[in-house]
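What follows is a short report on a single structure.
The values are calculated or read from the model by the stated rules, or taken from the named source; none is laboratory data. Keep in mind that what you see is a predicted model, and the values were worked out from it rather than measured. For neighbour counting, all protein chains shown are included, and Cβ atoms are generated from backbone atoms with ideal geometry for every residue, glycine included. For the accessible areas, the whole protein counts, side chains as well, though only heavy atoms, and no ligand, DNA or RNA atoms are used. Shrake-Rupley method; radii C 1.70, N 1.55, O 1.52, S 1.80 Å.
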Amino acid sequence: MVQSSFKPYLNQELPIGFKYPKSYLNLSMDLHELNAIPYFSWWFSDALEPLEEIKDIYYNLTGNKDLIEFARDGDWAACFDLTDYSGNPKVFVYDLGNKNNFYEKENFDQWLEFVVKNISL
């Protein structure tokens, strides 16, 4: 099944001051370009559950209380830092089976470039 779009949380659901990156919001409306990349395996998350429940789940899995998941690839979850009010928040990527196994990227664009470049063929 090919994902064509996804639904981010609305501004009124997010912490005051937090803003999604523009490139993430643009991507939410059209994933056509990413779907054209062979073996792209990340699935972007829809805002279906209340944000506070998601934050609690990710706190239990990662030990970080200020994350919002935006994409998954198996046990890996890419999350925005909800305390970053720059409009271009830092990204934390966790192995949900081992919270000590994670990496960071400066922002969404850097994360996306990294995952596209590291696709295993």
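A few remarks follow.
- Checking K22 against (1) touching a residue at least 24 places away in the same chain (Cβ under 8 Å); (2) within 27 Å of G97 (Cβ to Cβ), the condition it does not meet: (2)
- Some residue of segment 38-47 being under 23 Å from G97 (Cβ atoms), modelled with pLDDT under 90 and surrounded by 12 or more Cβ atoms within 10 Å (Cβ to Cβ): yes
- Number of residues in segment 16-56 that are within 10 Å of F6 (Cα to Cα), out of contact with any helix residue (DSSP H, G or I) (no Cβ under 8 Å at 6 or more places or on another chain) and not acidic (D, E): the value is 6.
- The residue pairs whose first member lies in segment 98-121 and is in contact (Cβ under 8 Å) with a residue 40 or more places away in the chain and under 15 Å from I68 (Cα atoms), whose second member is among the basic types (K, R) and open to solvent by less than 80 Å² (accessible area, probe 1.4 Å), and whose beta carbons are closer than 7 Å, counting only pairs six or more residues apart or on different chains, are N107/K90.
- Entry remark, segment 10-31: residues being of a type in the set (A, V, I, L, M) and within 17 Å of L51 (Cβ to Cβ) number 4 in total.
- Segment 50-105 holds strands (runs of 3 or more DSSP E) entirely within its bounds, and those carrying 3 or more residues that are surrounded by fewer than 17 Cβ atoms within 10 Å (Cβ to Cβ) and at pLDDT below 95 map to 98-105.
- Residues considered: V2, V115. Of these, the only one that is open to solvent by less than 60 Å² (accessible area, probe 1.4 Å) and either part of a helix (DSSP H, G or I) or out of contact with any Asp or Glu (no Cβ under 7 Å at 6 or more places or on another chain) (or both) is V115.
- Beta carbons closer than 8 Å, at least 6 apart along the sequence or on distinct chains, pair a first residue in segment 36-56 that is touching a residue at least 12 places away in the same chain (Cβ under 8 Å) with a second that is open to solvent by 100 Å² or more (accessible area, probe 1.4 Å) and assigned to a loop (DSSP other than H, G, I, E, B) for P38/L121; Y39/L121; K55/K65.
- Checking E13, E69 one by one, the residue that is closer than 17 Å to K90 by Cβ and touching a residue at least 24 places away in the same chain (Cβ under 8 Å) is E69 and no other.
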